1. In the full protein assembly as shown, how much of T52 is accessible to a 1.4 Å probe, in Å² to the nearest 10?
2. Leaving ligands, DNA and RNA out of it, report the carbon-plus-sulfur percent of the accessible area of the chain at a 1.4 Å probe.
3. Fully extended, how many nm does the chain gain between A2 and N44 (0.36 nm per residue separation, minus their Cα-Cα distance)?
4. Would you mind working out the magnitude of the charge dipole of the chain relative to its Cα centre, with +1 at each Lys and Arg C-beta and -1 at each Asp and Glu C-beta, to the nearest 20 Debye?
5. Where does helix 36-50 land angle-wise versus the long Cα axis of the chain, in degrees 0 to 90, nearest 10?
6. Using only the C-alpha atoms of the chain, find the volume of their convex hull and express it per residue in Å³.
7. List the residues whose amide H sits under 5 Å from the amide H of F33, counting only those 5 or more places along or on another chain, with H placed 1.01 Å from N in the peptide plane.
8. Please identify every one of the GluC sites (Glu not before Pro) in segment 1-58 that sits in a loop by DSSP and has no more than 14 other beta carbons within 10 Å of its own beta carbon.
Amino acid sequence: MAGRFEILKDNDEGYRFRLTAADGTVVAVSPTFTHLEGVVAGINAVRENAATGLIVDRSTTARKAA
């Protein structure tokens with residue numbers, strides 16, 4: 001079973017989505033979008049970019065500064 005995108009009504013402020021893994025673990029939560037079309041566009045952007053996105057490890061910088 002694949003993960004899924006869930007669209008949620010965020011009170012009167014708008015909509016947001018969350019991405020959940022197959023086991024139900026929440027993987028990501030979006031910011032609030034004012035329109036349903038915006039949240040759908042956000043989901044499509046995540047779908048298009050996640051598979052080809054680069055991994056940038058910025059944790060080493062934080063450790064050196066400490």
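1. Counting only protein heavy atoms, the figure is 110 Å².
2. On the way: 2910 of 5280 Å².
Using a 1.4 Å probe with all protein chains present, the chain comes out at 55 percent carbon and sulfur.
3. Numbers: separation 42, 0.36 × 42 = 15.12 nm, distance 1.61 nm.
Value of the extension gain: 13.5 nm.
4. Details: 8 positive and 8 negative charges, 76 e Å.
It comes to approximately 360 debye.
5. Once rounded, the angle reads 30 degrees.
6. Values: hull volume 9.2 nm³, N = 66.
It comes to 139 Å³ per residue, whole-number rounded.
7. Excluding prolines and chain starts, which carry no amide H, the hits are Y15, R16.
8. On the way: sites: E6, E13, E37, E48; in loops: E13.
Within segment 1-58, the qualifying GluC sites (Glu not before Pro) (loop, at most 14 other Cβ atoms within 10 Å) are E13.
The values are calculated or read from the model by the stated rules, or taken from the named source; none is laboratory data. Keep in mind that this is a model prediction, so the values were computed, not measured. Don't worry about glycine lacking a Cβ; one is built from the backbone with ideal geometry, like all the others, and counts go over all protein chains shown. The area values use the complete protein model at the heavy-atom level, side chains included, leaving out ligands, DNA and RNA. Shrake-Rupley method; radii C 1.70, N 1.55, O 1.52, S 1.80 Å.
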